[in-house]
1. Which of the residues that make up region 197-216 are buried (at least 22 other Cβ atoms within 10 Å of the Cβ) and assigned to a helix (DSSP H, G or I)?
2. Sort through Ile166, Ile130 and tell me the only one that's assigned to a loop (DSSP other than H, G, I, E, B), touching a residue at least 12 places away in the same chain (Cβ under 8 Å) and surrounded by 17 or more Cβ atoms within 10 Å (Cβ to Cβ).
3. How many residues does region 1-35 hold that are loosely packed, with under 11 Cβ neighbours inside 10 Å and among the acidic types (Asp, Glu)?
4. Is region 118-125 home to any residue that is in contact (Cβ under 8 Å) with a residue 60 or more places away in the chain and either touching a Pro at 6+ places or on another chain (Cβ under 7 Å) or open to solvent by 60 Å² or more (accessible area, probe 1.4 Å) (or both)?
5. For Thr105, all conditions in the list (1) out of contact with any helix residue (DSSP H, G or I) (no Cβ under 7 Å at 6 or more places or on another chain); (2) in a helix (DSSP H, G or I); (3) touching a residue at least 12 places away in the same chain (Cβ under 8 Å) hold save one; what is the number of the exception?
6. Could we say that Leu38 is open to solvent by 50 Å² or more (accessible area, probe 1.4 Å) and in contact with a Phe, Trp or Tyr (Cβ under 8 Å, 6 or more places away or on another chain) here?
7. With His144, His197 as the choices, which residue is closer than 19 Å to Phe69 by Cβ, in contact (Cβ under 8 Å) with a residue 60 or more places away in the chain and within 15 Å of the chain's Cα centre (by Cα)?
8. Only one residue in Gly115, Gly95, Gly90, Gly182 is among the small types (Gly, Ala, Ser), out of contact with any strand residue (DSSP E or B) (no Cβ under 7 Å at 6 or more places or on another chain) and not in a helix (DSSP H, G or I). Which one?
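The values are calculated or read from the model by the stated rules, or taken from the named source; none is laboratory data. Predicted model only: the values in this text are computed from it and were never measured. Please note: Cβ atoms are built from the backbone with ideal geometry, for glycine as well, and neighbour counts cover all protein chains shown. Accessible surface areas use protein heavy atoms only, side chains included; no ligands, DNA or RNA. Shrake-Rupley method; radii C 1.70, N 1.55, O 1.52, S 1.80 Å.
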Amino acid sequence: MKKQDLFISLGVIIFFAPFFIFKDLYHGYEKVNQQLPLIMAFLKFAVLATFGEVLGLRIRTGKYNMPHFGLLPRAVLWGFFGMWIAIAMGVFRSGVPAYLDKFQTFSGIAEAMGGDFSALKLWGAFCISIMMNTTFAPVFMTLHKITDTHIMQTGGTLTGFFSKKIPFQQIITEINWKVQWGFVFKKTLPLFWVPAHTFTFMLPPNAQVLFAAFLGVCLGVILSVAARK
């Protein structure tokens, strides 16, 4: 382990340790999380998902930051993505069980999702995850790829990113769809994201967005593997 890896590891421990050591701090976090869910979603993803991309860069290049990587614009974009993801999770978490409750076979799923672990709750979480990862996730991942490319093309600066229009048509035609479809969609969605989000939707609602943000760290590693391909 290099010195920079040690410093990063210590920094992560120092950042999160107070939430486990001081109960009042954690309770304060929960209170703010309930009162300002979207703002907290912005902050969670801006920190955790960006950290995931930094780890991905470390795996890919051996460095935590590079010219044109665009740490600041990535953090800002992840913040807005986090708000979008939080809203999507709320829609799927409420909508899928409500729809399944219309069928006699799945009756009671909406109620089960608010209770303790049960086979019905597991099935409900799986159905929510399937719907989210076959509709929302591919669109989100493609948009992320487009904005990621635009960050690098504009020099990795916040002003550069927002001063130029994103050439969606150009970038989307230049995406390596063999990797995007064959690896990111075809493999990571069914093998990782569906099980991971099934577990996510088994958690209490106030913990789901936080856990999804932690999964952003995994996303950074996945993207680094995709980049190597």
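1. His197, Thr200, Val209, Ala212, Ala213, Gly216
2. When all the criteria are applied, what remains is Ile166.
3. Qualifying residue count for the region: 1.
4. Checking region 118-125: at least one residue is in contact (Cβ under 8 Å) with a residue 60 or more places away in the chain and either touching a Pro at 6+ places or on another chain (Cβ under 7 Å) or open to solvent by 60 Å² or more (accessible area, probe 1.4 Å) (or both).
5. The one condition Thr105 does not meet is (3).
6. When the stated conditions are applied, Leu38 does not pass them.
7. Being closer than 19 Å to Phe69 by Cβ, in contact (Cβ under 8 Å) with a residue 60 or more places away in the chain and within 15 Å of the chain's Cα centre (by Cα) holds for just one of His144, His197, which is His144.
8. Unique residue meeting the criteria: Gly115.
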